[in-house]
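Here the structure is laid out as structure tokens; the discussion comes afterwards.
The values are calculated or read from the model by the stated rules, or taken from the named source; none is laboratory data. The structure displayed is predicted, hence computed values, not measured ones. Backbone-built Cβ (ideal geometry, glycine too); neighbour counts: all protein chains shown.
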Amino acid sequence: MRWRRYGEDAALLDCASLEEMSAARATLLEAALDGVEEIVPGARTLLVVGTAAAREAARSLLASADLAHPPAGDGREVVLDVRYSGEDLALVAEDAGLTVDQVVTLHTSAVYTVAFTGFAPGFGYLAGLPAELRQPRLSSPRTRVPAGSVAIADEYTGVYPRESPGGWRLLGHTEATLFDPSAAQPALFTPGLRVRFRSV
């Protein structure tokens, strides 16, 4: 891990892996250090916003923390019903050397965790995709991906919260609302949330 100054009130932690970032985030959240205003996760980074004393406390804590055994988190979990009829489902099965039913079984058998958010409001990068389903993005992104599309790319799965361009491989569709700006909590997916998919 390596710390970098990030403006006047923040420090950016460069991590070796997604797992290390997630462990560092869980450790800081459990510690609830005084003066820490915000903790923002990324694929391999963790932004800590707060006072100078809080940032130094975060550095000291993580330097001695057992990141191989991080805190378990708060146990929040949602289950999304998915109709597995995506445009790329057959392609994913072919590239993985599996049947379509096996792809669906693998995708629904895993428990995912929202590692971080980005790309669009409400879009979560869900870690925990089975190794057999890890495939690259499409070589030519689509100009239009419908809202609710459940997709995979590299080590992640995710759900498009609104219609947008996108290059992830589409497995299916959910009717769940991922982002509602009028709600008290606009985004369904927030870092640390556990997610399961159920075939319907």
Original post:
Mind checking whether some residue in segment 116-130 is surrounded by fewer than 17 Cβ atoms within 10 Å (Cβ to Cβ) and closer than 22 Å to Ser199 by Cβ?
Top reply: yes
Original post:
Which one of the conditions (1) of a type in the set (A, V, I, L, M, F, W, C); (2) touching a Ser or Thr at 6+ places or on another chain (Cβ under 8 Å); (3) surrounded by fewer than 17 Cβ atoms within 10 Å (Cβ to Cβ) does Val78 fail to meet, given that it meets all the rest?
Top reply: (2)
Subject >> Those residues of segment 162-184 which are surrounded by 16 or more Cβ atoms within 10 Å (Cβ to Cβ) and among the hydroxyl-bearing types (Ser, Thr, Tyr), in sequence order >> reply: Ser164, Thr174
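Of everything in segment 167-182, what is among the charged types (D, E, K, R) and outside any strand (DSSP E or B)? Give them in sequence order.
The answer is Glu175, Asp180.
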**OP:** Could you tell me whether Val159 is closer than 26 Å to Ala72 by Cα and crowded, with 17+ Cβ neighbours inside 10 Å?
**Re:** yes
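Does Ala68 count as of a type outside the set (Ser, Thr, Tyr) and free of Cβ contacts under 8 Å to residues at least 40 places away in the same chain?
Details: of a type outside the set (Ser, Thr, Tyr): yes; free of Cβ contacts under 8 Å to residues at least 40 places away in the same chain: no.
Here the answer is no, as Ala68 does not meet what is asked.
Quick one: would you say Leu28 is over 30 Å from Asp101 (Cα atoms) and surrounded by 18 or more Cβ atoms within 10 Å (Cβ to Cβ)? Let's see the steps before the verdict.
Working: over 30 Å from Asp101 (Cα atoms): yes; surrounded by 18 or more Cβ atoms within 10 Å (Cβ to Cβ): yes.
When the stated conditions are applied, Leu28 passes them.
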Original post:
Does Thr143 meet the test of being part of a strand (DSSP E or B), in the same structural domain as Val195 (by TED's automatic domain parsing) and either modelled with pLDDT under 95 or in contact with a Cys (Cβ under 6 Å, 6 or more places away or on another chain) (or both)?
Top reply: no
Original post:
Somewhere in segment 120-143, is a residue over 27 Å from Leu98 (Cβ atoms), without any contact (Cβ under 8 Å) to a residue 40 or more places away in the chain and not aromatic (Phe, Trp, Tyr)?
Top reply: yes
**OP:** Sort out which residues of segment 44-82 are touching a Gly at 6+ places or on another chain (Cβ under 9 Å) and not in a strand (DSSP E or B), and write them in order of number.
**Re:** Thr51, Ala52, Ala53, Ala54, Arg55, Ala57, Ala58, Gly73, Asp74, Arg76
Original post:
Only one residue in Pro191, Pro136, Pro161 is under 14 Å from the mean Cα position of the chain (by Cα), at pLDDT 95 or above and assigned to a loop (DSSP other than H, G, I, E, B). Which one?
Top reply: Pro161
